[in-house]
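Visitor: First, the structure itself, so that you have it in front of you.
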Amino acid sequence: MSYSTDYDPQVETSMGVGTDGFCPEAEASGGDSGAAFPGDSGRLPLETRRVLVQLLLGPAVDGRRQTKLWPVLVRDEVVVRERLHELFLELVIDHEQKVAFTRQVTADDTEIPVLLRRANLTYLESVLVLFLRQRLTQADTQGERAVVSLPELLEHLSVYEKDDNVDHARFVKQRIAAIEKAKKLSLLQKIRGADDRFEVSPTLKLLFPAEEIMALTRTYAALAQRTGTSAADDEVDEGAESDTGGEGDE
């Protein structure tokens with residue numbers, strides 16, 4: 001299982017007028033037509049290019065935090081999709097949650113070059129992602145923001161330490177590393193003025209739909225029955241992977 005999802009993106013057109021009457025190609029060739037640098041032959045407005053760069057850098061465009069980029073993405077969604085398709089990337093966007101990210105396209109009869117890196121998650125990191133996804137669901141039900149604290153995260157992960165573990169210090173480091181990984185992937189976003197409190201990114205709703213949560217839960221149950229080395233060290237074969245910006249391995 002990966003961060004790719006069965007989320008059905010909005011219907012797109014290769015060119016022409018979108019549902020709001022906006023013609024992205026006309027905007028791209030007009031309006032902000034000044035060159036951004038000497039010899040610039042690009043056709044897109046500077047602000048649209050910034051949106052594309054952020055999507056490629058990853059992990060997402062967050063409309064609540066990136067208030068200047070989001071309206072540009074919404075306005076130029078069709079042309080942004082076009083440009084990403086030229087790089088074999090798909091735009092995944094949720095207008096209600098105001099989040100968007102890219103994922104690698106797949107095709108059975110075409111060899112697709114891989115642009116995005118895939119960051120495998122360890123068992124402990126996957127446990128944390130599942131916990132965050134569940135907290136996000138609970139918060140949505142109550143109409144609240146999903147906020148978690150560092151002590152709460154550490155306490156949740158502590159239950160996954162094996163009873164016969166003889167290297168507690170190493171497990172403590174693994175807990176911290178799992179939280180840092182979630183922060184690096186922008187799944188946890190620091191709340192201003194609160195060093196130990198974080199908001200769970202709504203992007204998780206797109207990354208982990210209900211069927212993938214069920215599959216991941218089954219994987220945890222199977223791993224819990226294993227003996228030998230702690231599962232905290234292992235990468236889960238059916239667990240989470242993250243498509244992040246940048247070049248991937250061939």
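Visitor: Among residues other than K68 whose Cβ falls under 11 Å from its Cβ, what is the net charge (Lys/Arg +1, Asp/Glu -1)?
Guide: Taking every other residue near K68 into account, the sum is +1.
Visitor: Sticking with this one: With every protein chain in place, what's the accessible area of T110 (1.4 Å probe, Å², nearest 10)?
Guide: Ignoring ligands and nucleic acids, T110 comes out at about 70 Å².
Visitor: Using a Förster distance of 35 angstrom, determine the FRET efficiency expected from the C-beta separation of A36 and R64, and round it to 0.05.
Guide: Once the sixth-power term is evaluated, E becomes 0.80.
Visitor: Follow-up. Note down the magnitude of the dipole of region 131-220 about its Cα centre, charges +1 on Lys and Arg C-beta and -1 on Asp and Glu C-beta and zero elsewhere, to the nearest 20 debye.
Guide: It comes to approximately 360 debye.
Visitor: Once the piece of chain linking E180 and K162 is laid out straight, how much longer is it, given 0.36 nm per residue of separation minus the C-alpha distance between them?
Guide: 4.3 nm
Visitor: Right, something else. Order 163-172, 68-77 from most to least packed using the mean count of other Cβ atoms within 10 Å. Could the numbers behind the result be given before it?
Guide: Values: 163-172: 9.9, 68-77: 18.9.
Those peptides, ordered most packed to least, come out 68-77, 163-172.
Visitor: Could you work out the Kirkwood radius for region 135-190, taking every pair of different alpha carbons, averaging 1/r and inverting it, reported in Å?
Guide: Final number for the Kirkwood radius of region 135-190 is 12.8 Å.
Visitor: Further question on the same structure: Among the listed pairs K68/K183; K68/K190; K68/K173; K98/K183; K98/K184, which are separated by more than 28 Å between their Cα atoms? Each step should come with its number before you reach the end.
Guide: Values: K68/K183 22 Å; K68/K190 20 Å; K68/K173 37 Å; K98/K183 19 Å; K98/K184 20 Å.
Result: K68/K173 exceed 28 Å.
Visitor: Estimate the FRET efficiency between E152 and E86 by the formula 1/(1 + (r/R0)^6), using the beta-carbon distance for r and 35 Å for R0, to the nearest 0.05.
Guide: Working from the Cβ atoms, E equals 0.20.
The values are calculated or read from the model by the stated rules, or taken from the named source; none is laboratory data. Just so it is clear, the model here is predicted, and its values are computed rather than measured. Note: ideal-geometry Cβ built from the backbone for every residue, glycine included; neighbour counts use all protein chains shown. Accessible surface is based on the protein model in full, side chains and every heavy atom, while ligands, DNA and RNA are left aside. Shrake-Rupley method; radii C 1.70, N 1.55, O 1.52, S 1.80 Å.
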